[in-house]
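Colleague: To start, I am sharing the structure in question, which I have written as structure tokens.
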Amino acid sequence: MTRPVPTRTLLTGTALVAALALTSCAGPPAAGPSGSPTRIVLADAQPLGGYDPVDGYGELGVSPVFEGLLRPESTGDDRLPDLAPALAAAPPEPNGDSTVWDVELRTDVVFSDGSALDADDVVATYSAVLDPATASEIAASYSMIESVTATGDHSVRFTLHHPYYAFPARMSLGITPEEEITPGPAADSGRNRRPVGTGPYVLAELDAEQAVFEANPHYHGTAPQVTELVTLYLPDDNTRAQRMRAGGVDGTVLPPTAAATFAGADGVDVLSVRTADWRGLSLPAENAFASDGAARLAMNLAVDRDGIIEHVLAGHGRPAHTPVAEVYGEAHEPEAVFDHDPDEAARLLDGAGWREGPDGIRERDGDRAAFTLYYLASDSLRRDLATAFAAEMLPLGIEVDVRGGTWDDMGSHTADAAILLGGGDKPYDLDTQVYATLHTREEGTPTFENPGDLAVPGVDEALEDARRSPDAAERAELYREVQRAYVEHPTYVFLAFADHTYVSAENDWDSGPLVLEPHAHGVSWGPWWNLAGWRR
């Protein structure tokens, strides 16, 4: 699971004044020859910089600066996008068992530094991700690759350790020139602040408070009509909402309850975008209560998912019982759900020996029905979800101690505490949605992928078979089998698939369809995910 970038929680005093001044300095929208605006100013919650594709920036093919071999091509956020050729000249060609994938590259592509794209650039970028010395955050997602080789000036071959039908979902990684690949950790690379890609924009200016992207004069595609994108770093939700009301920015991302306050406001659109972004909590294997299968099933029956969506997500979401959303069609098992039944949950706990103690909290053999639930302290939505879950468990005699923390704090408590997580970081194939979440941990597994390391009987085998099967119907049945097994032996409490909510100034641009979004969001997504394609 990709670690979200932590953000500060508050701008106060001089910092707020500086942020307001910066927004004013962004100035009015720039005018093109006809007088129409060609600048878009957006306020984001994420720090600026971190623009290295080797460390995961633009990994899904959505970036102003980079392109991958493939890119998502959407007809709406209610379905999976197609993965269409971008830097590839044609769809990738697998061999009979999907262990070798050949890709022909376009011959008309130039990087923003003027150098021509060739096979060595693709090989160098993927090789850097796989190089342990790079310490790439996304390396585990590419562990199926045995080798990447140039088979010609504009042709590349990926050889895999095992059959993997979903490999095209790994081909949207942004490509940077071979000359930009330098030794050492990706987190320390100059690529983070001086990115060189083939996308429609180049990074023209960058400091801690704003990034300015301008149209790439070397872009091989149709020139963008929005010729300048300014992104402001405003980490506090309230500050971004205030700037949106003041008219200082063209759009921003906000939590659902904050976005809902703009409903009906003149000159503003509120957009809710469907996602495969699940929110839920992992459960600790080294806690006497949470490690009990009956207790885990009881908590899944006791939680009111519809109520959480209504009150915490302001209606912007759908219940999540497993990590598989309805958008996955035939592979989604509609019967794999937990009925909301607190009475049955209480009977399960009674039958498992968890009886109410003197203070109302259940006990068994000296152990209390209690555990700590961590959430990322800078994330107000995770805080609210964690608090809502804890409130729903208390009447059942379950004590959940909710604590905010950093990723480092939580990383040291994966075995003995629950963690409020988000998933679905690579949702454009179902293997990427469920394997890391439900498969037992293996060597090199990132910290927050199945952090409790609880196993579901039969699921590891079904996941392995599904990712190797060339038959779509067989894969769908295997994934339905995974979901049926999971609801019998749950290892998490999944709560909701959270829609992402954005606020945008009304405009007369044709921005095209929205796209089903991953866990990651911000102003690189929403209505701006395909900003270079906006037309008037």
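Colleague: Go through (1) surrounded by 21 or more Cβ atoms within 10 Å (Cβ to Cβ); (2) free of Cβ contacts under 8 Å to residues at least 40 places away in the same chain; (3) more than 25 Å from Y164 (Cβ to Cβ) one by one and return the number of the condition A119 breaks.
Modeller: (3)
Condition check ((1) buried (at least 18 other Cβ atoms within 10 Å of the Cβ); (2) of a type outside the set (V, I, T); (3) at pLDDT below 95; (4) under 30 Å from G452 (Cα atoms)) across all residues:
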{"site": "A211", "(1), (2), (3), (4)": "yes, yes, no, no"}
{"site": "D250", "(1), (2), (3), (4)": "yes, yes, no, no"}
{"site": "G264", "(1), (2), (3), (4)": "no, yes, yes, no"}
{"site": "L281", "(1), (2), (3), (4)": "yes, yes, no, yes"}
{"site": "A295", "(1), (2), (3), (4)": "yes, yes, no, yes"}
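Colleague: Considering only residues that are closer than 22 Å to L70 by Cβ and hydroxyl-bearing (S, T, Y), look in the range 213-234 and name the one that is surrounded by the most Cβ atoms within 10 Å (Cβ to Cβ).
Modeller: For the range 213-234, the residue satisfying everything is Y219.
Colleague: Moving on to the next point. Can you tell me how many residues within the range 171-193 are assigned to a helix (DSSP H, G or I) and of a type in the set (A, V, I, L, M, F, W, C)?
Modeller: Counting residues in the range 171-193 that are assigned to a helix (DSSP H, G or I) and of a type in the set (A, V, I, L, M, F, W, C) gives 2.
Colleague: Right, next: Looking at the structure I just gave you, is L11 under 23 Å from T252 (Cβ atoms), at pLDDT below 90 and crowded, with 19+ Cβ neighbours inside 10 Å? Give the derivation first.
Modeller: Details: under 23 Å from T252 (Cβ atoms): yes; at pLDDT below 90: yes; crowded, with 19+ Cβ neighbours inside 10 Å: yes.
So L11 fits the description; yes.
Colleague: Identify all residues within the range 371-424 that are assigned to a helix (DSSP H, G or I) and of a type in the set (V, I, T); write none if there are none.
Modeller: Residue satisfying the conditions is T387 alone.
Colleague: Take the conditions modelled with pLDDT of 95 or more and either surrounded by 21 or more Cβ atoms within 10 Å (Cβ to Cβ) or under 24 Å from E93 (Cα atoms) (or both) and apply them to E180. Does it pass? Let's see the steps before the verdict.
Modeller: Values: modelled with pLDDT of 95 or more: yes; either surrounded by 21 or more Cβ atoms within 10 Å (Cβ to Cβ) or under 24 Å from E93 (Cα atoms) (or both): yes.
So E180 fits the description; yes.
Colleague: What do you reckon, is D304 surrounded by fewer than 22 Cβ atoms within 10 Å (Cβ to Cβ), out of contact with any Lys or Arg (no Cβ under 9 Å at 6 or more places or on another chain) and over 22 Å from P427 (Cα atoms)?
Modeller: Values: surrounded by fewer than 22 Cβ atoms within 10 Å (Cβ to Cβ): yes; out of contact with any Lys or Arg (no Cβ under 9 Å at 6 or more places or on another chain): yes; over 22 Å from P427 (Cα atoms): yes.
In short, yes.
Colleague: Further question on the same structure: Check whether at least one residue in the range 281-289 is within 30 Å of P527 (Cα to Cα) and in contact (Cβ under 8 Å) with a residue 24 or more places away in the chain, and report yes or no.
Modeller: Taking the range 281-289 as the starting set, the residues that turn out to be within 30 Å of P527 (Cα to Cα) are 281.
Still in the list and also in contact (Cβ under 8 Å) with a residue 24 or more places away in the chain: 281.
Checking the range 281-289: at least one residue is within 30 Å of P527 (Cα to Cα) and in contact (Cβ under 8 Å) with a residue 24 or more places away in the chain.
Colleague: Moving to a separate point now. With the requirement that a residue be buried (at least 18 other Cβ atoms within 10 Å of the Cβ) and free of Cβ contacts under 8 Å to residues at least 24 places away in the same chain, what does the range 356-377 give you?
Modeller: Result: E363, single match.
Colleague: Another question, if that's okay. Got at least one residue in the range 104-111 being among the acidic types (D, E), assigned to a strand (DSSP E or B) and not assigned by TED's automatic domain parsing to the domain that holds T447?
Modeller: Yes - at least one qualifying residue is present in the range 104-111.
Colleague: Inside the range 318-355, can you point out the residues that are over 31 Å from the mean Cα position of the chain (by Cα) and crowded, with 17+ Cβ neighbours inside 10 Å?
Modeller: Within the range 318-355, A345, A346, L348, L349, A352, W354 meet the criteria.
The values are calculated or read from the model by the stated rules, or taken from the named source; none is laboratory data. Just so we're clear, the structure is a prediction, and the values are computed from it rather than from any experiment. No Cβ is skipped: glycine too gets one built from the backbone with ideal geometry, and neighbour counts run over all protein chains shown.
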